[in-house]
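The values are calculated or read from the model by the stated rules, or taken from the named source; none is laboratory data. The model shown is predicted, which means the values in this text are computed figures rather than measured ones. Using ideal geometry, Cβ is built from the backbone for each residue, glycine included, and neighbour counts are taken over all protein chains shown.
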């Protein structure tokens with residue numbers, strides 16, 4: 001019975017180390033990329049984008065190419081958004 005607990009502890013320790021390593025790799029210290037400008041002939045729209053993981057101050061409002069819906073798709077215009085009902 002004790003051998004089972006030791007094996008379980010070793011497995012959980014390995015999983016914990018793997019999770020910590022994954023969190024380190026995906027941390028906010030990684031460099032952010034730049035947003036590619038839309039082609040000159042494309043219709044443009046403003047969008048809030050993020051290029052890397054981090055706090056809310058990494059969000060940027062930029063001009064991007066307006067997406068075109070494909071077959072069996074539709075484009076929806078968002079006029080307002082909220083985080084919770086109190087907003």
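As a summary of the residue check, residue 46 satisfies the conditions (1) touching a strand residue (DSSP E or B) at 6+ places or on another chain (Cβ under 7 Å); (2) in a loop (DSSP other than H, G, I, E, B) except for the one numbered (2). Selection of the range 49-87 for residues being surrounded by 10 or more Cβ atoms within 10 Å (Cβ to Cβ), in contact (Cβ under 8 Å) with a residue 24 or more places away in the chain and assigned to a loop (DSSP other than H, G, I, E, B) yields 52, 53, 54, 66. Residue 34: farther than 20 Å from residue 81 by Cβ and either at pLDDT below 85 or out of contact with any helix residue (DSSP H, G or I) (no Cβ under 8 Å at 6 or more places or on another chain) (or both), yes or no? It is true that residue 34 is farther than 20 Å from residue 81 by Cβ and either at pLDDT below 85 or out of contact with any helix residue (DSSP H, G or I) (no Cβ under 8 Å at 6 or more places or on another chain) (or both).
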